[in-house]
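Right, I'll just put the structure down here and ask away after.
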């Protein structure tokens, strides 16, 4: 008889765990009061960069190693990925930041101006060198989540807005799980979506800056997602003028044509994180919690889902299992 699983939370973590367990012939039910993926969840506001090598600048070794498998997992689920790597640049006054970034990361090549022009001609007008992170990919988070949920539903995974847990209960509810996971905190992130038809970028761009680093992710048809803010706060509904101005100023510094862009959307949410900024699988009172993915949701959710599947069905202890002694 197939193992019965109830997953609470239908964001990126809940859906990846559902997909993994469904692929292993479990009887999976997902319960989320909000129904389909949408702006209520922090995974809706993500950049969608599968940038494990870039994360090596500041993240722990596990983030880089486990994140390198993410693109293959998402592709196995039918997600539409763009495999063009990432480009990292720095303004002239911050040139040392590019050298520092190169020392702390792997799988890149330093481009001169002509090399950059071959990848991103408009950037070569303003920057004379850059790093190309060759192995990275990106996806559209909103399309990816919506498509994944619809496919799982069509294959027999049950999606309910309410209900009791049946069988093994797995909680993937992010910050809503704080009463059971008191060490967890919120990290506020803000993002902006612009339409700039005069700008052509084919891959995510990171602009290094000592105070407000920026990443820009192309979404197609002249639409770009800008993000970078990281504020220690669980607030989920208020973007500050200062943060939005810093994002827009950084975009303008990257290319002045962003000054004429159409502002489509400003978003804000809080991402769940533990003190070490690493995710955890926690068992407490017969319930399993998968949480704390910080700003690495799409990058690390596949690895977390795989660990849960191997633990429940193969008896393999998860690498990121956290012992709860409460």
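The values are calculated or read from the model by the stated rules, or taken from the named source; none is laboratory data. Treat the numbers as computed from the prediction; the structure is a model and nothing was measured. Positions of Cβ are generated from backbone atoms using ideal geometry, with glycine treated the same way; all protein chains shown enter the neighbour counts.
Can you tell me which condition residue 310 does not meet? The list is (1) part of a helix (DSSP H, G or I); (2) touching a residue at least 24 places away in the same chain (Cβ under 8 Å); (3) out of contact with any helix residue (DSSP H, G or I) (no Cβ under 8 Å at 6 or more places or on another chain), and all the others hold.
(2) is the only condition that residue 310 fails.
Among 247, 263, which is farther than 25 Å from residue 181 by Cα and surrounded by fewer than 15 Cβ atoms within 10 Å (Cβ to Cβ)?
Sole residue among the options that is farther than 25 Å from residue 181 by Cα and surrounded by fewer than 15 Cβ atoms within 10 Å (Cβ to Cβ): 263.
Report yes if residue 234 is modelled with pLDDT under 90 and either within 30 Å of residue 286 (Cα to Cα) or assigned by TED's automatic domain parsing to the domain that holds residue 40 (or both), otherwise no.
Criteria met by residue 234.
On the given criteria, is residue 82 surrounded by fewer than 23 Cβ atoms within 10 Å (Cβ to Cβ) and touching a residue at least 12 places away in the same chain (Cβ under 8 Å)?
Against the criterion (surrounded by fewer than 23 Cβ atoms within 10 Å (Cβ to Cβ) and touching a residue at least 12 places away in the same chain (Cβ under 8 Å)), residue 82 qualifies.
Ok, one more. Just need a number here: residues in the stretch 245-274 that are modelled with pLDDT of 95 or more, under 26 Å from residue 175 (Cβ atoms) and out of contact with any strand residue (DSSP E or B) (no Cβ under 7 Å at 6 or more places or on another chain).
The number of residues fulfilling the criteria is 0.
Taking the options 102, 130, 117, 124, name whichever one is surrounded by 14 or more Cβ atoms within 10 Å (Cβ to Cβ), over 20 Å from the mean Cα position of the chain (by Cα), in contact (Cβ under 8 Å) with a residue 40 or more places away in the chain and not assigned by TED's automatic domain parsing to the domain that holds residue 27.
Just one listed residue meets the conditions, 130.
Filter the stretch 285-307 for residues that are touching a strand residue (DSSP E or B) at 6+ places or on another chain (Cβ under 9 Å) and either farther than 23 Å from residue 75 by Cβ or without any contact (Cβ under 8 Å) to a residue 60 or more places away in the chain (or both) and give the result.
Within the stretch 285-307, 286, 287, 288, 289, 291, 292, 294, 307 qualify.
Restricting to the stretch 25-59, and then to whatever is at pLDDT 95 or above and surrounded by fewer than 17 Cβ atoms within 10 Å (Cβ to Cβ), can you tell me which residue is nearest to residue 79 (Cα to Cα)?
Checking each candidate, the answer is 25.
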